[in-house]
Amino acid sequence: MAILLHTAAADPRPWGDALAAVIPGLDVRIWPDIGRPEEIDVLLSWLPPEGILKQLPNLKLLQCWGAGIDQLAIADLPAGLPVARIVNADQTAGMVQYVLATVLRYHRQLDVYACQQAERTWKRLPHADARDRKIGVMGLGELGGASAKALAGLGFETSGWARRPKPLPGVATYAGPGQLPAFLKSLDILVCLLPLTRETENLIDARLLALLPKGAKLINASRGKLVVEADLVAALDAGQLGAATLDVAREEPLPEASPLWVHPAITLTPHVSTIVTQRGTIPGIAENIRRLHAGEPLLHLIDRKAGY
Ligand code: GLV
């Protein structure tokens, strides 16, 4: 039994050492030094190198490095191969921090005050109470659910939307395409934390943005392909959308020629809303490897049909 670690990290060895420290005696191989392929039962990878899966006859788990698995061509994976994604408290905390930081920046108008400062303008703006601010979170999985709860905990009028009904304490929840207009119609800020699937690709388009109240703001911290960028820019230019914070783009790194770089109503961050850290990630991966070797049920397996 051996683990094959495939990562873009400049030096992958500390990751292998950290795993071996949790599971003494673990045989960790670092791509491309795979040794005898038939000994490998776990592949740790964000996106497995071309052709590798066919070379590993005894692979029993593909453990992805990320929360999202949309980079995988699921239909091409060997049938029956369990695929797990990363879920851990540090990653969730990172996303909750990002969502709170970006929502609070708009709520407390720090973006507007920054512009005022640039013009040496000392002017108090009308102050809104959190209870009067309506925030909607699309996607109520690990990251979206925790973010919605944290927003509700700060007193915001919080609602959530998901594919299927997901009750959450303190959060008004909506489900399915039929309830999307009711969810969107009174929001001040829409936070997108949906996984990228066939159903969600291009979901945030001109039609959806038109269902928001005029001047609402968008925060996208999931995947760039959920948003039709030309529709987003058009909605901002028309004032239908008041502002947008994007941590993700359809193409990353964002091409130099993209109009998103210079749009005055867009704030960009380079896909940093939450980061896979060694400290946060290794214990969960080690636990899945332990479970595999002990014949126990694996954690955080993806649903291939749902696509996440
Ligand atoms: C990052 O985007 C992840 O999916 O973990």
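Shape analysis of the stretch 101-144 based on the Cα gyration tensor places the equivalent ellipsoid semi-axes at 28, 13, 6 Å, largest first. Among 14, 259, 126, the residue with the largest mean-square fluctuation in a Gaussian network model of the chain, with springs joining Cα atoms closer than 10 Å, is 126. Entry note, the chain: relative contact order of 16 percent, from Cα contacts under 8 Å with a spacing of 6+ residues.
Considering only 97, 294, 241, the residue lying farthest towards the positive end of the dipole of the chain is 241, judged by Cα position with unit charges set on Cβ. Rolling a 1.4 Å probe across the protein heavy atoms gives the chain an accessible surface of 51 Å² per residue. Ignoring lysines fewer than eight residues from residue 60 along the same chain, the ones with Cα atoms less than 29 angstrom from its Cα are 305.
Given a 1.4 Å probe and the protein chains as shown, residue 269 ends up with an accessible area of around 40 Å².
The 3J(HN,Hα) values that the Karplus relation (6.51, -1.76, 1.60; θ = phi - 60°) gives for the stretch 107-124 are, in residue order, 4, 8, 6, 5, 5, 6, 5, 4, 5, 4, 4, 4, 9, 6, 9, 9, 9, 7 Hz. Gly and Pro appear as x.
In this structure, the amide hydrogen of residue 46, modeled 1.01 Å from its nitrogen in the peptide plane, lies closer than 5 angstrom to those of 65, counting only residues at least 5 positions away or on a different chain.
Every helix of 4 or more DSSP H residues in the chain counts as -39500 (n - 2.57), and over all residues that averages to -8500 deg cm²/dmol at 222 nm.
Between 134, 123, 166, the Gaussian network model of the chain with springs among Cα atoms under 10 angstrom shows the greatest mean-square fluctuation at 123. Result for the chain in a Gaussian network model with C-alpha springs under 10 Å: among 128, 79, 249, the largest mean-square fluctuation is at 79.
How far is helix 142-153 tilted, in degrees, relative to the longest principal axis of the Cα atoms in the chain, given as a value from 0 to 90 rounded to the nearest 10? Around 40 degrees separate the two axes.
3J(HN,Hα) couplings calculated from phi for the stretch 207-216 with the Karplus curve 6.51 cos²θ - 1.76 cosθ + 1.60 (θ = phi - 60°) are, in sequence order, 5, 5, 4, 6, 7, 7, x, 4, x, 5 Hz; Gly and Pro show x. Here the stretch 22-47 and the stretch 91-119 have alpha carbon centers that stand 42 Å from each other. When DSSP beta bridges are restricted to pairs lying wholly in the chain, around 5% turn out antiparallel. Within the assembled protein chains, the solvent-accessible surface assigned to residue 86 is about 10 Å², based on a 1.4 Å probe. Using only Cα atoms, locate the centre of the stretch 269-286 and the centre of the stretch 160-230, then give the distance between them in Å, rounded to an integer. That distance is 25 Å.
Only alpha carbons enter this Debye calculation for the chain, each as an equal point scatterer, and the log10 of I(q)/I(0) it gives at q = 0.12, 0.16 Å⁻¹ is -0.85, -1.28. Give me D for the stretch 209-253 in µm² s⁻¹, whole number, from Stokes-Einstein with Rh from the Kirkwood sum over alpha-carbon pairs, 20 °C and 1.002 mPa s. Result for D is 201 µm²/s. Distances between every pair of Cα atoms in the stretch 1-160, grouped in 5 Å steps from 0 to the bin holding the largest one, split as 2, 7, 13, 14, 12, 10, 9, 8, 8, 7, 5, 3, 2, 0 percent.
Overall shape of the stretch 139-199 was characterised from the C-alpha gyration tensor. The equivalent ellipsoid obtained from it has semi-axes of 17, 13, 10 Å, in decreasing order.
Here is the P(r) of the stretch 167-308: all C-alpha pair distances, binned every 5 Å from 0, give 2, 8, 15, 18, 17, 13, 10, 8, 5, 3, 1, 0 in whole percents. Kirkwood radius and radius of gyration were both taken over the C-alpha atoms of the stretch 130-240, and their ratio Rg/Rh is 0.94.
The value for the stretch 1-91 of Rg(Cα) / (2.2 N^0.38 Å) is 1.04. Accessible area per residue was computed with a 1.4 Å probe on protein heavy atoms; residue 1 scores about 140 Å².
Here the accessible area of the chain is 56 percent carbon and sulfur, with a 1.4 angstrom probe and all protein chains present.
Helix 278-294 and the long axis of the chain differ in direction by around 40°, with both axes built from C-alpha atoms.
The values are calculated or read from the model by the stated rules, or taken from the named source; none is laboratory data. Being a predicted model, the structure only gives us computed values, none of them experimental. As a convention, Cβ positions derive from the backbone with ideal geometry for all residues, glycine included, and neighbour counts pool all protein chains shown. Ligands, DNA and RNA are stripped out before the accessible areas are found, and what is left, the full protein with its side chains, is counted by its heavy atoms. Shrake-Rupley method; radii C 1.70, N 1.55, O 1.52, S 1.80 Å.
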